[in-house]
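What follows is calculated from the coordinates using simple rules that are stated; it is not laboratory data. What you see is a predicted model; the values in this text were computed from it and never measured. Here Cβ is always computed from backbone atoms with ideal geometry, including for glycine, and neighbour counts include all displayed protein chains.
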Amino acid sequence: MVGRAKLLWVNDGLVPVDEAALDPRDRGFTLGDGLFETIRARGGHLLRINLHLDRLRAGAGQIGLSRVPDDETLSGAIRTTLEANGLSDAAVRLTVSRGVPANRGLSPNPEPAPSLVVHAQPFAGYPAELYSRGMQAATSRIPRNEHSPLARIKALSYLDNVLARREADASGVDEALMLNTAGHLACASAANLFLASGETLLTPDSESGVLPGTVRGLVLTELAAQMALTAVERPVRSEELAKADEAFLTSALLGVMPLTEVDGLPVGTGIPGPISSGLRAELEETL
């Protein structure tokens, strides 16, 4: 395996990373007008690739990005990029922007050809000791705007999440929890949030402003039932976190990550519990 990727896919083919160029007029750069997906490759398999591409296409429909390449083209570009870099275990970033416009300004008409970039870098998972202790988080001052159409898509406009993560970094913790404008729990800066109490899993619903995460969806539709758990989606008050037996985060790269401390206070017993550990084990069995 190479130490880092030397080739990436840009629009129609592979180019050396050091020679890749971005047109400064591209709407992804100037306006954040586009979408992205982060996909994990493990043992040469693109984990849950269909869920990622479905979400990308749903987001494209929401922002009126009508010329996204088909799934075969996108997955082929990803696999070609991995093979060219000798990568079987990797974090893949798939970016589709609206492209270079014919005219300046906000209007996307006439719609240009989209820009497509695939970049991959070696990733074998987070350290085992992090799962053993669980993540620590702080509540961010940056609100999650559940009224925004961007809250439920992976838009290139990700600055709220960046600012929330900067707060977490400044506090010396792993993640930031974001509240929506109603003061309810929404998500982490780069993950979905679950609480566990007894045999019930609770997670903020779509109306709370959460991204429909791929692993979140798998927990809700398959993994919870495999562990005889009842999954509930609804608004989650921030004080419910203190009463939970466990909490955990989910994302394509994290999988299922225990959340053991928030704002300096333990969640549950302060150590990873059997529900998050069991769900993680169940997830590891899926490809």
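Under a Cβ-only charge scheme (Lys and Arg +1, Asp and Glu -1), can you give me the dipole magnitude of the range 128-284 about the Cα centre, in debye to the nearest 20?
So the dipole magnitude of the range 128-284 works out to roughly 340 debye.
What percent do you get for the relative contact order of the range 63-218 when only Cα pairs under 8 Å and 6+ apart count?
17
For the chain, give the magnitude of the charge dipole about the Cα centre (Cβ charges: +1 Lys/Arg, -1 Asp/Glu; no others), in debye to the nearest 20.
580
Specify whether the C-alpha gyration tensor of the range 148-209 places it in the rounded, prolate or oblate class, a ≥ b ≥ c being the square roots of the eigenvalues: rounded for a/c under 1.5, otherwise prolate if a/b is larger than b/c and oblate if not.
oblate
Order the peptides 7-18, 34-45, 247-258 from the highest to the lowest mean number of other Cβ atoms within 10 Å of their residues.
The peptides rank, most packed first, as 247-258, 34-45, 7-18.
Where Rh is the Kirkwood radius over the Cα pairs of the range 1-144, the temperature 10 °C and the viscosity 1.306 mPa s, what D in µm²/s does Stokes-Einstein return?
Diffusion coefficient, whole number: 95 µm²/s.
Can you give me the long-range amide H partners of residue 8? Hydrogens built in the peptide plane at 1.01 Å from N, cutoff under 5 Å, separation of 5 or more residues or another chain.
Residues meeting the criterion, in which the H sits 1.01 Å from N, are 15, 17.
Relative to the longest principal Cα axis of the chain, at what angle does helix 274-284 sit, 0 to 90 degrees, rounded to 10?
Helix 274-284 sits at roughly 30 degrees to that axis.
Could the peptides 58-65, 135-142 be put in order, highest first, of the mean number of other beta-carbon atoms found within 10 Å of their residues?
Going by the mean number of other Cβ atoms within 10 Å, highest first, we get 135-142, 58-65.
With a ≥ b ≥ c the root eigenvalues of the C-alpha gyration tensor of the range 160-287, is it rounded (a/c under 1.5), prolate (a/b larger than b/c) or oblate?
Cα axes put the range 160-287 in the rounded bin.
Rounded to the nearest 20 debye, what is the charge dipole size of the range 45-138 about its Cα centre when +1 sits on each Lys and Arg Cβ and -1 on each Asp and Glu Cβ?
The calculated dipole for the range 45-138 is roughly 320 debye.
For the ranges 109-118, 208-217, what's the packing order if you count other beta-carbon atoms within 10 Å of each residue, average per peptide, and put the highest first?
Highest mean packing first, the order is 208-217, 109-118.
In deg cm²/dmol, rounded to 500, what helix-only [θ] at 222 nm does the chain give when every DSSP H run of at least 4 residues adds -39500 (n - 2.57) and the total is split over its residues?
Helices in the chain give a 222 nm mean residue ellipticity of -7000 deg cm²/dmol.
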